[in-house]
Amino acid sequence: MNLWLELLLPFVLFIFAGPTIHQQLQELGGLDNITATPPGWPVSDDTVMHIATGEALASGKTDKEAMLLEIAAKYKECMKDMEGRKPGPTSILGTDLLQPDKPGGYIIPFNPTGTGCGAAMRSMCIGLRYSTPEDLDDLIMYSIESGRMTHNHPTGYLGSLASALFTSYAAQLKP
């Protein structure tokens with residue numbers, strides 16, 4: 001791993017102050033000195049889960065239950081690729097409860113602490129897949145159900161809907 005990356009990783013997650021982020025960037029030599037190329041550039045847990053969502057959507061499944069179980073299976077599988085990443089406890093708990101080999105195994109219990117933005121950060125591909133006005137019902141259903149697979153609280157899974165919907169609007173060139 002690049003030295004700058006080893007120095008940067010402890011700081012990039014969960015820093016909310018813009019000036020602090022800019023200061024740390026300058027201490028690393030500025031943006032021009034950062035090379036974001038594989039294999040030394042890691043992707044986040046949310047990126048891994050977003051890829052899993054996209055893979056499920058591209059699986060060719062047409063039955064809604066089969067597609068939801070495929071999404072659940074991809075989420076469980078992608079959790080094996082979290083070493084060095086920082087998945088949140090809500091995502092970890094949710095995926096642990098998924099049972100994609102059983103009918104309805106994508107449904108987990110309501111979680112009163114199942115908030116956060118993880119579901120929103122992996123649903124843009126849903127907005128791309130269901131990007132026409134005629135697809136709106138599927139966009140709503142898949143974004144909410146995939147969000148509930150880990151973030152089964154309205155403030156968690158409704159972020160997934162908003163992210164997918166606004167991505168769909170962008171694809172439609174809606175202002």
For the range 16-44, pairs from a residue that is assigned to a loop (DSSP other than H, G, I, E, B) to a residue that is not aliphatic (A, V, I, L, M), with Cβ under 7 Å and 6 or more apart or across chains, are 28/4; 34/4; 40/2; 42/84; 44/85
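Looking only at the range 48-59, count every residue that is outside any loop (DSSP other than H, G, I, E, B) and exposed (fewer than 14 other Cβ atoms within 10 Å of the Cβ) and tell me the total. Walk me through it before giving the result.
Keep residues of the range 48-59 that are outside any loop (DSSP other than H, G, I, E, B), which gives 48-57.
If we keep only those that are exposed (fewer than 14 other Cβ atoms within 10 Å of the Cβ) too, we end up with none.
Total meeting the criteria: 0.
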With criteria (1) assigned by TED's automatic domain parsing to the domain that holds residue 146; (2) touching a helix residue (DSSP H, G or I) at 6+ places or on another chain (Cβ under 7 Å); (3) of a type in the set (A, V, I, L, M), residue 73 comes up short on (2)
Selection from the range 19-47 of residues within 30 Å of residue 160 (Cα to Cα), at pLDDT 85 or above and exposed (fewer than 10 other Cβ atoms within 10 Å of the Cβ) yields 19
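The values are calculated or read from the model by the stated rules, or taken from the named source; none is laboratory data. Remember, predicted model here, so these are calculated numbers, not experimental data. A quick note on method: Cβ atoms are made from the backbone with ideal geometry, for glycine too, and the neighbour counts reach across all protein chains shown.
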